[in-house]
Amino acid sequence: MNCPICAGASVEMTHLKCADFDGSPLYQDIRLRTCNECHHVFNELTTEEKLGIGEYYEKESSLINMSGTTFHGDLPGSDNTLSIQRYEQVYKFLSNHISREMRILDVGCGMGGFVRFLHSNGYTNTEGVDFLESYIRFAQNEGPGTFHTASAYSLPFEDSTYDLIILDHVLEHVLNPVQVMSELKRVSRRGGLVYIGVPAASQYGDYPFFDFFWLCLREHIHHFDAAAISFLTASFNLAPVDQAIIYSQMMSGAMILPNSLSLFRNQLEKVQRDSISASQNLISKMEDYIETEAMYLEKHKRVISSLVDKKVPTYVWGIGKELFCLYANTELKYCTNLTLIDKNQVKQTSMKLDGQSILGNSILESASKDSVLIVAAVAHEDSIIKEAGQIGYKGNIITLGRT
Ligand SMILES: [Zn+2]
């Protein structure tokens, strides 16, 4: 398997299984690889898995995001509290370098939240583009701003059009980052700016959240740090202007994502690439992260095995990434009367896990005293415990978070 950045040879770092909703087009095997040449860290996908990614965003991810019970969490281009907080952090980073007359394009704008944010700060020449029609329809209804449905691989714009291009939490999702960068370079004006924000993979270990969580976000095909982004952009003559790390809350204060922000200027002159050893740091950090996560997963395997042995009726609240990791890697499915709970209506009405329906939390009213409730949605631990109490749940509650 050749590296998607430099076409060099690669080796496998780890192979982790992950469960998912029945019929989900998202791939379930996480085969993390690293490039021998440029040290890029990425997931290997089969041809079938590659095809499933687009379908996943269209049929599953956008549906769940747009029907979520949370009006708080940082979702793609939302106006939720935590999204706005992150926009403010990104804006603070950009504000020293940008001006209100700039023509701006947000590539992968999701529901258009950052475009609206910039408009409300006086950047009225700002447009958004996303390949998901449902997000663009939402953005167009919300206004202001011009929005287009198009792929980042083939933007419907003239060459040298934009003064600032925003690529915020997009590059880690795309199969071919080189092709996306080439298209951005084309529509970017010479002397214009390109902003790239990605999860800072070298800091996953400092903000672990849950067993292998940052790898279980399988939509993240690539794992970058600032050095890896600079290595990629250098070949497009994008010269570094500024760099920062910000820490943003995703679903709650319990879930902090480290973000690497980089700003580049599109220039004619060649940009000197840093020595590739700069990104070797990322590999050793990822190896440490994988080792620690494996230890926590072993610990949770033991917790679940003991529930199976004792034949305790088991409820799980929170059907998402944490549960999928547990389901694929522990004996959870063998727990006595395993009952799956989530408040998301889309999950309740149209999704199943291993043939089993997902129920509302009122099922806990009839739970016995000797049952166990596993809180799988770690970001919402406190509110789930509180709600379980209000429903009158009398069994034991097990939490899985790190703190
Ligand atoms: Zn490479």
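The values are calculated or read from the model by the stated rules, or taken from the named source; none is laboratory data. Keep in mind that this is a model prediction, so the values were computed, not measured. In this analysis, Cβ positions are derived from the backbone assuming ideal geometry, glycine residues included, and neighbour counts consider all displayed protein chains.
The table below gives the values:
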item	result
Hey, I229 among the β-branched types (V, I, T) and either assigned to a strand (DSSP E or B) or surrounded by fewer than 22 Cβ atoms within 10 Å (Cβ to Cβ) (or both) or not	no
Qualifying residue in the range 48-56 (condition: surrounded by fewer than 19 Cβ atoms within 10 Å (Cβ to Cβ), within 16 Å of the ligand (Cβ to nearest atom) and under 18 Å from H173 (Cα atoms))	no
H119 within 16 Å of the ligand (Cβ to nearest atom) and either more than 30 Å from A294 (Cβ to Cβ) or surrounded by 18 or more Cβ atoms within 10 Å (Cβ to Cβ) (or both)	no
Filter result for L184 (assigned to a helix (DSSP H, G or I) and under 21 Å from I246 (Cβ atoms))	no
Identity of the residue in the range 6-19, under 24 Å from F213 (Cα atoms) and surrounded by 14 or more Cβ atoms within 10 Å (Cβ to Cβ), that ends up farthest from the ligand (Cβ to nearest atom)	A19
Residue that is surrounded by the fewest Cβ atoms within 10 Å (Cβ to Cβ) [pool: residues in the range 207-226 that are charged (D, E, K, R) and under 15 Å from F42 (Cα atoms)]	E219
Tally, over the range 15-44, of residues that are of a type in the set (A, V, I, L, M) and modelled with pLDDT under 95	1
Breaking point among (1) more than 21 Å from the chain's Cα centre (by Cα); (2) part of a strand (DSSP E or B), for L268	(2)
Some residue of the range 309-331 being surrounded by 14 or more Cβ atoms within 10 Å (Cβ to Cβ), of a type in the set (D, E) and outside the structural domain of S357 (by TED's automatic domain parsing)	no
Failed condition for N2, given (1) within 16 Å of the ligand (Cβ to nearest atom); (2) closer than 24 Å to E133 by Cα; (3) of a type outside the set (D, E, K, R)	(2)
Failed criterion for Y195 (all others in (1) part of a strand (DSSP E or B); (2) over 20 Å from the mean Cα position of the chain (by Cα); (3) among the hydroxyl-bearing types (S, T, Y) hold)	(2)
Condition check for P4: in contact with a strand residue (DSSP E or B) (Cβ under 7 Å, 6 or more places away or on another chain), outside the structural domain of Q179 (by TED's automatic domain parsing) and over 22 Å from E331 (Cα atoms)	yes
Flag for L373 being assigned to a helix (DSSP H, G or I) and either touching a residue at least 24 places away in the same chain (Cβ under 8 Å) or charged (D, E, K, R) (or both)	no
Yes/no for A19 being under 25 Å from E291 (Cα atoms), small (G, A, S), within 21 Å of the chain's Cα centre (by Cα) and not assigned by TED's automatic domain parsing to the domain that holds V378	yes
Considering residues of the range 33-45 that are surrounded by 18 or more Cβ atoms within 10 Å (Cβ to Cβ) and within 19 Å of the chain's Cα centre (by Cα) only, the residue nearest to the ligand (Cβ to nearest atom)	H40
Selection within the range 100-144 - out of contact with any strand residue (DSSP E or B) (no Cβ under 9 Å at 6 or more places or on another chain) and at positive phi	G122, G143
